[in-house]
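Here is the structure we will look at, set down as structure tokens.
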Amino acid sequence: MDFEPTESMQMLRDAARQFAEKRLKPGAQEWDEKEAIPDAVYKEAAELGFFGLSVPEQFGGLGVDAPAYAVAMEELARGSAALQVCVTVHNSLVAAAIAKHGTDEQKNKYLPKMAAGDWVGAYSLSEPGSGTDAGSLSTAAVDQGDHWLVNGTKSWVTNGGFASVYLVFVSTNKDAGSRGITCLLVDKATPGFSVGKKEKKMGLRASDTRELIFQNAKIPKSALLGQVGGGFKIAMSQLDSGRIGIAAQAVGIAQAALEEAVAYAKERKQFGKKLSEFQLTQAKLADMATNIDAARLLVWRAAALMGRGDKCTKEASMAKSFASRIANKACYDAVQIHGGNGFVREFPVERFFRDVRVTEIYEGTTEIQALIVAREVLG
Ligand code: CAA
């Protein structure tokens, strides 16, 4: 398997890196304080094509393959993990699902607007009572002939406040368990559908995370994505690619933490020497660098399999689990190297430490990734 970036991957990486350096990195701290990213930044990301990465070219997107996507996601996360999570959910969980499972009518309706960034996508699986046990969700859709009548509440929906299209998983047959879950494409203006409270989060504070409320919401039959009862498989298979995006996010945050730690260690003097001259500091930096490279290779391996059309459930879970754990450790060590300065908001490692925490939680906890890997290992 070839892990060298191709020329087109390098071009995309360079574009993402430049955008991250010039536009994301300088603003990320302020956006964290204000708990919002300016509209102009989303617009620039859209103009650069980042909202169309997973949209096929025929619908106006860039239609990049999984390895190129992973490389771009790492770079964006290096600049702003909050912007990156918006982009990766939109692409890997929503646009890619519509491209794969949508009817021609659905693709024509959503994909061009999503590629342009005019319509942002949100993915809604979790509920107050079902997070890890996603198959037990209780938001119910009742068949009323020409529409579905939907009632229930969804939780922790990334992009929830400003999305235009929501990929929502509902139960259409309680007795059938995960085979009774159906996927609906819900437009923002649907009667009976509303966006609930904005979550006050520990990290990724500039990313918009919401509750969604369905009170006798009338969803047209044309909103069905895939088959009735086929929603859980759509949810799970999209999470295979989503998890590559989150693993790449973890690598990007860890890389940013390493860069800050190196710069600080070369600058800061104690006991008459730079921190970088102390072997205990060097050992931390060496571990961070080694783990980041190992995680990046796991991400690329999973992405390469996905790009070839091969099954990559195990490899995506391995990448997500490993990358998120080493990234949490890297951010912990970056704070440690900064000492007191790592505990205050003037230095970005404080934010990285908060932002990286959720990479072990969302799109499947570390524990669930272990379960998925173990199932495959045990056969
Ligand atoms: N691809 C395709 N199909 C899959 C699949 C995959 N990766 N994984 C499972 N399936 C299929 C199975 O083949 C099975 O099909 P059959 O009924 O035909 O046999 C069906 O789905 C049920 O599978 P399981 O028996 O494995 O289901 P389970 O109830 O044991 O649950 C689980 C499996 C791994 C625990 C799953 O519930 C899971 O991944 N939970 C974590 C949920 C999660 O990641 N949530 C993330 C929320 S989204 C988010 O965070 C986005 C955001 O905004 C950032």
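Every number here is computed from the coordinates shown, using simple stated rules; none is lab data. In this text the structure is predicted, and so the values were computed from the model without any measurement. Backbone-built Cβ (ideal geometry, glycine too); neighbour counts: all protein chains shown.
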Averaging the inverse of every distinct alpha carbon separation and then flipping it gives the Kirkwood radius. What is it for the range 269-327, in angstrom units? 13.2 Å
Go ahead and estimate [θ] at 222 nm for the chain from helices alone: -39,500 (n - 2.57) per DSSP H run with n ≥ 4, summed, over the residue count, rounded to 500. -16000 deg cm²/dmol
Report, in degrees rounded to the nearest 10, the 0 to 90 angle that the Cα long axis of helix 231-267 makes with the longest principal axis of the chain. 20 degrees
Along principal axes, largest first, the alpha-carbon spread of the range 172-279 in whole Å comes out as 71, 28, 23
Expressed as a rounded percentage, what relative contact order does the range 92-219 have, with Cα pairs under 8 Å and six or more residues apart? 25 percent
Given the C-alpha centroids of the range 222-290 and the range 191-213, what is the distance between them in whole angstrom? 24 Å
Which lysines, on any chain, are close to Lys274 with Cα under 24 Å apart, when same-chain ones fewer than 8 places away are left out? Lys266, Lys284, Lys329
Size of the range 57-120 along its principal axes in angstrom, Cα-based, largest extent first? 37, 22, 17
What is the spin-label model distance, in nm, from Phe162 to Lys200 if the labels are put 7 Å beyond Cα along the C-beta direction? 2.2 nm
What do you get when you divide the Cα radius of gyration of the range 122-232 by 2.2 N^0.38 Å, with N the number of residues? 1.01
Please report Rg over Rh for the chain, where both radii come from the alpha carbon positions and Rh follows the Kirkwood definition. 0.98
Relative to the longest principal Cα axis of the chain, at what angle does helix 25-34 sit, 0 to 90 degrees, rounded to 10? 60 degrees
The aspartates and glutamates whose Cα lies under 18 Å from the Cα of Lys221, excluding any fewer than 8 residues away in the same chain, are Asp104, Glu105, Asp143, Asp146, Asp187
What does the highest-first list of 186-196, 212-222 look like by mean Cβ count within 10 Å? 212-222, 186-196
For each pair in Lys100/Lys233; Lys174/Lys200; Lys233/Lys320; Lys43/Lys188; Lys22/Lys197, compute the distance between the two Cα atoms and list the pairs where it is over 24 Å. Lys174/Lys200; Lys22/Lys197
Given contacts defined as C-alpha pairs under 8 Å and at least six residues apart, what's the relative contact order of the chain, whole-number percent? 16 percent
Most packed first (mean Cβ within 10 Å per residue), the peptides 18-30, 307-319 order as 307-319, 18-30
Using a Cα-Cα cut-off of under 20 Å, which aspartates and glutamates could be cross-linked to Lys311, ignoring same-chain neighbours fewer than 8 residues away? Asp2, Asp65, Asp240, Glu363, Glu376
Just grab the label-to-label distance for Lys43 and Asn216, each label 7 Å out from Cα along the Cβ direction, in nm (one decimal). 4.0 nm
Contour excess over end-to-end distance, with Cα ends at Glu35 and Ala189 and 0.36 nm allotted per residue: 53.0 nm
Cα-Cα pairs of the range 17-116 separated by more than 16 Å (percent): 53 percent
